[in-house]
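Report on one structure; see the data block that follows.
The values are calculated or read from the model by the stated rules, or taken from the named source; none is laboratory data. Please read these numbers as outputs of a predicted model, since none were measured by experiment. FYI the Cβ positions are ideal-geometry reconstructions off the backbone, even for glycines, and counts take in every protein chain you see. All accessible areas refer to the heavy atoms of the entire protein, side chains included, with ligands and DNA or RNA removed. Shrake-Rupley method; radii C 1.70, N 1.55, O 1.52, S 1.80 Å.
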Amino acid sequence: MTQEYSPDRFIGRPVAELITPTLVVDSEALDRNLRLLSEYFGSRPCKLRPHFKSHKCVTLARRQIAAGNCTGITCAKLSEAEQLVAGGIDDVLIDNQVVGREKARRLAELNQSATVSAAVDSPENVAQLDAAAREAGVTIGVLVEVDIGMKRCGVPPGELTPELAYVVAQAEGLRLRGLQGYEGHLVTKGTFEERRQLTLDAMRPLIEMRHALLSCGLSCPVISGGGTGTYDITGNIPGMGEVQAGSYALMDSHYRKVRPEFHVARCVLATIISSHGAHAVADVGTKGLGGEFGLPQVEGLEGATVLKVAEEHTVIEGATCRVGDKIRLIPSHGCTTNNLYRRMWVARNGIVEAMWPIEAAGCLE
Ligand SMILES: Cc1ncc(COP(=O)(O)O)c(C=O)c1O
């Protein structure tokens with residue numbers, strides 16, 4: 001059993017006293033990021049539906065809503081939605097398919113106390129959600145997901161989209177909320193201008209599908225999609241209702257390259273446990289650093305670069321460190337990093353001001 005400790009002893013203390021490895025969030029940088037994106041959507045018809053997968057922390061989701069101009073929260077998994085609803089968030093979109101009788105039952109149950117919609121891309125899944133909704137006496141909101149080139153989930157744009165939307169509209173237990181299309185294959189692509197052109201091209205068929213639905217007499221109240229890399233492209237396409245950006249809140253080294261207007265607010269604090277000359281080793285490895293997009297970056301230590309990351313170790317070169325020093329590592333992928341921790345320490349000017357639980361860490365169902 002891991003030892004649990006009261007956060008109180010660290011509140012008001014320097015970040016360097018925290019037990020490592022651990023996640024630290026700079027509250028000023030976070031507040032700036034939340035404000036920047038909320039203000040951006042303040043003057044547009046399209047709004048923000050921040051993605052929970054990027055941090056999995058209910059307190060932060062509440063902050064995103066409080067920052068304004070949000071339609072609700074997006075999440076990836078049913079068990080994330082359960083955490084959000086338990087934490088008082090009452091409008092949630094699961095931007096994935098919730099498949100299986102037991103999961104459909106749990107989704108229907110959530111709709112007894114909140115509005116929790118899901119994406120669908122098959123008639124089988126529509127029938128399953130419909131049955132669960134009718135059994136529970138609720139209505140489940142549904143978005144038909146369209147594959148706009150990412151080659152993940154979604155029906156291809158064309159006849160199949162209005163056909164599936166029609167099946168949803170006929171289902172007594174479901175409410176057709178509209179369409180979803182995510183341009184995830186483009187969110188960090190190329191220069192801004194290249195990304196803009198590719199995104200506009202990719203989103204065009206999605207907007208056309210809205211017209212296809214309307215011309216069949218179906219409704220399409222919302223189109224949902226977009227991410228941090230495309231918020232100012234997708235968010236300005238006429239007909240888009242909400243942008244599902246998530247990474248903007250805490251950021252990571254991968255996104256830093258394409259979105260300098262947001263500050264990196266998250267780091268993994270680690271301790272140097274071995275040091276010989278310009279070769280030092282920190283006490284965190286792949287088990288504490290989401291690494292899909294490359295090696296982590298060392299922050300605030302002149303000349304230091306990461307040579308390699310093993311399961312429990314990060315090897316650093318180019319700087320002289322002493323055993324016991326604390327260092328800050330910026331993970332290449334923030335979303336998978338947060339899934340590895342149970343808490344985030346929130347600090348201002350190097351002093352810990354709060355501890356936020358990461359309620360949905362490990363919530364994969
Ligand atoms: C469907 C969907 N929407 C939105 C996002 C959020 O994107 P970002 O991390 O670019 O903000 C993701 C991230 O993977 C996603 O899968």
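General remarks:
- Centre separation in Å (Cα based) which lies between the stretch 71-116 and the stretch 281-320: 36
- With protein chains left intact and a 1.4 Å probe, residues in the chain average 42 Å² of accessible area per residue.
- Expected 222 nm ellipticity per residue - DSSP helices of 4 or more, -39500 (n - 2.57), all of the chain, to 500: -9000 deg cm²/dmol
- Residue by residue, the stretch 233-242 carries 3J(HN,Hα) couplings of 10, 4, x, 10, 7, x, x, 5, x, 8 Hz when phi is fed to the Karplus relation 6.51 cos²θ - 1.76 cosθ + 1.60 (θ = phi - 60°); x denotes Gly or Pro.
- Those residues of the stretch 254-277 whose amide nitrogen sits under 20 Å from the label point placed on Glu353, 7 Å along Cα→Cβ: 262-269
- Simple Cβ-charge dipole of the chain, Lys/Arg +1 and Asp/Glu -1, about Cα centre, in debye nearest 20: 460
- Length available on full extension from Ser219 to Ile11: 0.36 nm per residue minus the Cα-Cα distance, which gives 69.8 nm.
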